[in-house]
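Quick notes on the structure that follows.
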Amino acid sequence: MSTTRHLQRPAAGLALCALLLSACTSSIAPGTTLTTDPFPGNPPRPALAGNTPAADAPSEPGTSTALVGPHPSSGTTVVRALLAPDATLPETLANDFQATTGYTLQILNPLKETDHHADVLVGFDGGAMLRMTPTLSPEAPEGFQPPADAQLAQAPGALPYAHDDVCVMADTQWYAANRLTPPGSVNDLATADHAARLIVPSPKESPAGATFAHLMASLQGAQISTWLANAKAAGMQVLPFDEAEAAWTLSGGARPLAVAPLSRAARTITNTGTESYLAPVAGSCVSRTLYAAQHVQASNPDGARSFMAYLYTRPAQALLAEQGAAYPLDSEQAKHTATELYAAPREDTVALSAEQLQPTPQGW
């Protein structure tokens, strides 16, 4: 088994408005596969049980986790979605949205399109949504009943739809091939051996990088500046989003530790599906909820609301799980998927509020 693999990269290149983080994802035209690896050499994806969404699958009385939202409206126009850095939307989901509603989903590239061209913003965590509050529709979308603990009081227009924790992820195949041991916990990251293998995507460009920076600030307190200086002196690299991805062993680089969404583990699995090439470092995971929101200047508000309603359907929630894009808010739809095995919310995650995640980290 090769020790160097070229696996799926999150859409690279994003630059958002100054209110957010400059993002990093390339433009993806409608119909382009969002979850297909553009690089050769990937291990084949296993066939997972339940790959056909069961929109009307019955649930035991009183146990259903189905989301409550309005029926998606129909149309024939284009819905322009600004996809967050580190986030993924499967092509199968975009295709099913079109088959269900008639709308075509277009992913925008903020390097070429500023965020005011978007109808809907997708895949941003609570901190990012709070930073973007002036660009979001100020009103809560009608007809939805999202979980109360996932709602953002300061951004009522933001609709929670999935979970995707951020962790320091270790390339276990690289460590096994080199007969080395990954860091035992988050406390080991600043030591010389581990820091020299660690990549952090710039918190100014990457929501995942910003989340990690806030985690370390919460753990180190007043000593965060000292910790950061020591980690950098020991070899930790804080790189622009694209460079960080290229430096990871998963993309052919030399560093086996990287800050990334936990969903990456569900998309980098062995042929049998019984093992992921990635494992989170203990104590390094931060709980995150992902949101979608209509842009305040949306030129297609009906299409934006239809897409948000579609995200609350069982087929959409199932596709998020089946394609390893995120852990669905309707957790029933994650059953028998790689996402359930490798990207479910962890018991050892650190819970940081959206308000704690809101500031753009400084000094990184």
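The values are calculated or read from the model by the stated rules, or taken from the named source; none is laboratory data. All values reported here derive from a predicted model rather than from experimental measurement. Note that each Cβ is placed from the backbone with ideal geometry, even for glycine, and that neighbours are counted across all protein chains shown.
For the range 245-257, a tally of residues being at pLDDT below 95, outside any loop (DSSP other than H, G, I, E, B) and surrounded by 22 or more Cβ atoms within 10 Å (Cβ to Cβ) returns 1. If you check R80 against the conditions, is it basic (K, R), surrounded by 20 or more Cβ atoms within 10 Å (Cβ to Cβ) and more than 26 Å from A244 (Cβ to Cβ)? So R80 fits the description; yes. I'd like to know if the range 155-176 contains one or more residues that are outside any helix (DSSP H, G or I), surrounded by fewer than 21 Cβ atoms within 10 Å (Cβ to Cβ) and either on the phi > 0 side of the Ramachandran plot or touching a residue at least 24 places away in the same chain (Cβ under 8 Å) (or both). Checked the range 155-176: no residue is outside any helix (DSSP H, G or I), surrounded by fewer than 21 Cβ atoms within 10 Å (Cβ to Cβ) and either on the phi > 0 side of the Ramachandran plot or touching a residue at least 24 places away in the same chain (Cβ under 8 Å) (or both).
Being at pLDDT below 95, small (G, A, S) and more than 24 Å from the chain's Cα centre (by Cα) is the filter; apply it to the range 185-220 and report the residue that is nearest to G126 (Cα to Cα). By that ranking, first place goes to A190.
Taking the conditions (1) free of Cβ contacts under 8 Å to residues at least 24 places away in the same chain; (2) part of a loop (DSSP other than H, G, I, E, B); (3) among the charged types (D, E, K, R); (4) farther than 24 Å from I269 by Cβ in turn, R179 satisfies each one other than (4).
In the condition set (1) under 16 Å from A343 (Cβ atoms); (2) of a type in the set (G, A, S); (3) surrounded by 23 or more Cβ atoms within 10 Å (Cβ to Cβ), A213 is compliant with all but (1).
Which one of G363, G303 is of a type in the set (G, A, S) and modelled with pLDDT under 95?
Numbers: G303 fails: modelled with pLDDT under 95.
Within the list G363, G303, the selection yields G363.
Checking each residue in the range 265-284 for being in contact with a Pro (Cβ under 8 Å, 6 or more places away or on another chain) and in a helix (DSSP H, G or I) picks out only A265.
Of the residues that sit in the range 319-364 and are β-branched (V, I, T) and in a loop (DSSP other than H, G, I, E, B), which one is nearest to the chain's Cα centre (by Cα)?
If we filter the range 319-364 for residues that are β-branched (V, I, T), which is where we start, we get 337, 339, 349-350, 360.
Within this subset, residues satisfying the condition of being in a loop (DSSP other than H, G, I, E, B) are 337, 349, 360.
Values: T337: 17, T349: 16, T360: 18 Å.
The extreme case among them is T349.
When the test is whether a residue is of a type in the set (S, T, N, Q) and closer than 14 Å to P72 by Cβ, T313 passes it. Looking across the range 252-283, the residues that are out of contact with any strand residue (DSSP E or B) (no Cβ under 6 Å at 6 or more places or on another chain), in contact (Cβ under 8 Å) with a residue 60 or more places away in the chain and polar (S, T, N, Q) come down to S263, T270, N271, T272.
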